[in-house]
């Protein structure tokens, strides 16, 4: 009745922003991500009669309120499948800051889903796991797989065709690197869930985003399969900019960029002009993630570290599938 | 054969970005601006047989190359009308930095057109002047009028219906103020002319911009006529964000925002949340212009000056029509 799972974070190269179904977390568009080997969440879940209610601890702190309630709803979905009424104790740790645009909810809900289903004795395949994980945090379904992953939006009302599949495993493109620079570790002001609902409701650019994203998906898949860095990088950077355009034109504006974000974007553009090929992507937060190839990674990392605003740099490659581990976080 | 004109700069509240005819400078959309009383350009033009070629001096420096050639082409249009072949000497001074997103080309070409037509003895009305000024720099036609001005895009191929008209004179809304903060006076990397052509050519969001701008125009006119600050401010801010979205999604990206631009935008949003009603607008450059009412202007100006990045602050209200002056800059 106790199990621990580890899941890596993932960074979308073609982004997810906006739900067609808020409750089931069904997206308006498919998205493509790279699972990161360096940034992970480990979660132990135990179900027992000794627990009177669900409890959640993240990085050593006891969590209440909305976050506990979201995790509890996730356990409900799993308990229903397992026909269990036992309460659960959840203990989770990540090796990177949370709510700062490094996709902690993706790795968090992937690990939670895997650990909780295992603890209740369910044997689910990754498609089934994805459908559950998605309902906790959309992008969590992508963190179940390693390498390069597509979350297929699906078209069915019940969400049964909205889950992730792997485009290519991590060894397919070992030279592709992502330099993640943390310019501020403070938690973001507007959570993704609330932000994307506002964007869908009123951004004048949301329609244009949806109209152009299908083409981005085709090119990103091709870029990954053919290991065409220039194609993948350019698509990822433009797709990120388009998403942020829908955000900033939301009322009230959602501006995840901080001053340091803009200087880092310009640094990436400057490096590229100098012949050091790299591309940025930015999620719902201020951090800039730089896509590059191993041959240039040392130079690029050095340039990033020169920036006085940078507090931390993670160097990542495509990571592993989420999985069960023997570690116990209790 | 010698005349001096003064024209104020203007800041668009509904922006102009993109031409349907590059040569005649005919825009894809109409735009609405506020003429500023504090920022002006004065230009003296003399035509004489003693000059062997056109010459241009700006702020004390002799200008050659592309800038001289643009001014010379402008004189050609006027010489053709006046049936003159005389060469001209142009001397121009502005009281604000040029090419930094404070619309120096608008006030510059408005003053040049007015001075040069007068020097050659032409008596043109402001519609005719506007058609000429527009061919030097599109937004220059708006600087011919004081107060609040609309540059009507027109539909004719020859541009004869693309000129400015006044929506309201400067005394109509004396309480409306604009606090212009200069965060860097360095010249911008991408000139508007080249930038907008690239945007029209390849931004995936340009179509969405054009589709939504007509509604902005209707609301901005209404906001000005009814002195509805909340309506005008919200439209101006959103319109500016939409324009910058078309810029940043251009390939290569046109990012006029600097880190200081983002902090100033957030400062405006923070003041508004605190009940100090104000809105930002940003042109092709890093400077943030803050729209507010006189009752709050002292508090807002003080907040802006607290920002360590701010080098200079101009406090402006709606300004006068462009006009002839007796001053001689030679």
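Each value in this text was obtained by applying a stated rule to the coordinates, not by laboratory testing. Model, not experiment: these values are computed from the prediction. Methodologically, a virtual Cβ is constructed for each residue, glycine included, from the backbone with ideal geometry; neighbour enumeration extends over all protein chains shown.
For chain B, take the longest principal axis of its alpha carbons; what is the angle in degrees between that and the long axis of helix B:104-119, to the nearest 10 within 0 to 90? Compared with the principal axis, the helix lies near 30 degrees. Entry note, chain A: the mean residue ellipticity at 222 nm calculated from DSSP H runs of n ≥ 4, each adding -39500 (n - 2.57), is -12500 deg cm²/dmol after division by the residues and rounding to the nearest 500.
Structural descriptor for segment A:173-317: relative contact order 43 percent, calculated from alpha carbon pairs under 8 angstrom and at least 6 residues apart. Both numbers refer to the Cα atoms of the protein assembly as shown; Rg and Dmax are 28.7, 103 Å. For residue A:156, the point set 7 Å out from Cα toward Cβ sits 6.2 nm from its twins in the other copies, listed from shortest up. Treating each Cα of segment B:274-330 as one equal point scatterer and applying the Debye formula with no solvent, the log10 of I(q)/I(0) at q = 0.20 Å⁻¹ comes out as -0.86. Each copy carries residue B:1; placing its label point 7 Å along the C-beta direction from Cα gives inter-copy distances of 10.4 nm, listed from smallest up. Mean per-residue shielding of peptide B:263-274 is 2, counting Cβ atoms of other chains within 10 Å of each Cβ.
In chain B, Cα pairs under 8 Å separated by at least six residues give a relative contact order of 26 percent. Principal semi-axes of the equivalent ellipsoid, √(5λ) from the alpha carbon gyration tensor of chain A, are 31, 21, 19 Å from largest down. Could you work out the Kirkwood radius for segment A:2-171, taking every pair of different alpha carbons, averaging 1/r and inverting it, reported in Å? Result for segment A:2-171, one decimal place: 15.7 Å.
For segment B:89-156 versus segment A:264-283, the inter-centroid distance based on Cα atoms is 38 Å.
The label point for residue B:157 and the one for residue B:210, both projected 7 Å from the Cα toward the Cβ, are 1.8 nm apart.
Partner shielding of B:242-253 amounts to 5, given as the average count of beta-carbon atoms from other chains within 10 Å of each residue beta-carbon.
Take residue B:276, push a point 7 Å out from Cα through the beta-carbon direction, and compare it with the same point in every other copy: 3.9 nm, smallest first.
As a calculated quantity, the FRET efficiency between residue A:251 and residue B:125 at R0 = 35 Å, using C-beta atoms, amounts to about 0.30. Considering only Cα atoms, the convex hull volume of segment A:114-207 works out to 182 Å³ per residue. With all projection directions averaged, the alpha carbon convex hull of segment B:71-149 covers 5.3 nm².
For segment B:178-238, the Kirkwood estimate of hydrodynamic radius, built from reciprocal distances between every pair of different alpha carbons, is 14.2 Å. Computed from Cα atoms, the angle from the helix B:229-248 axis to the main principal axis of chain B rounds to 70 degrees.
Whole-percent P(r), segment B:207-259, all Cα pairs, 10 Å bins from 0: 24, 43, 26, 7, 0. Of the residues A:244, A:317, A:172, the one with the fewest other Cβ atoms within 10 Å heads the list, and the complete ranking is A:172, A:317, A:244. Determine by what factor the alpha-carbon radius of gyration of segment A:1-90 differs from 2.2 N^0.38 Å, reporting the quotient. Cα-based Rg divided by the globular estimate yields 1.28.
Sorting B:313, A:45 from the fewest to the most surrounding beta carbons within 10 angstrom yields B:313, A:45. Averaging the Cα positions of each part gives two centres, and for segment A:180-203 and segment B:162-217 these lie 27 Å apart.
Each pair of Cα atoms in segment A:173-317 enters the Kirkwood radius, and Stokes-Einstein at 37 °C and 0.692 mPa s then converts it into a translational diffusion coefficient of 206 µm²/s. For chain B, the longest principal axis of the Cα atoms and the long axis of helix B:259-273 meet at an angle of about 50 degrees. Spatial offset of segment A:1-23 relative to segment B:14-80 amounts to 55 Å, using the alpha carbon center of each. This ranking places A:245, A:316, B:141 by how few other beta-carbon atoms lie within 10 Å of each, fewest first, which gives A:316, A:245, B:141.
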